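The values are calculated or read from the model by the stated rules, or taken from the named source; none is laboratory data. On a predicted model such as this, the values are computed, not experimentally measured, just so you know. Side chains included, ligands, DNA and RNA excluded: accessible areas come from the protein's heavy atoms. Shrake-Rupley method; radii C 1.70, N 1.55, O 1.52, S 1.80 Å.
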Amino acid sequence: IRIVLDNHTVHTSKKTREYLATRPGRFLFVFTPKHGSWLNMIEAFFGKFARVCLRGIRVQTKQELVDRIYQYMDEVNAAPVVPRWKYKMDEIRV
């Protein structure tokens, strides 16, 4: 199972590492860059996805869950929101 995580300390805590040691080879962790603030958009998307699509649902089968997820993605993709960067490179202070 491949899991994408940010570098929050809870993801690398001692308890987390102890738990994962009991399941060697089960998970592959991919950590996002430490300075990847653009990833906040992705985090916000999955947060909304969890609240809108997954919270409080009961499904009878795995296929029903898969169908709900694809239905949500189809609805989101039907009316995409394109992020607009508001800054110009020459306005950013380094």
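A few remarks follow.
- When the stretch 53-74 is filtered for residues that are open to solvent by 90 Å² or more (accessible area, probe 1.4 Å) and not hydroxyl-bearing (Ser, Thr, Tyr), the ones remaining, listed by number, are Arg55, Arg58, Gln60, Lys62, Gln63, Gln71, Asp74.
- Note on the stretch 1-29: residues that are open to solvent by 80 Å² or more (accessible area, probe 1.4 Å), within 22 Å of Gly47 (Cα to Cα) and at pLDDT 80 or above total 4.
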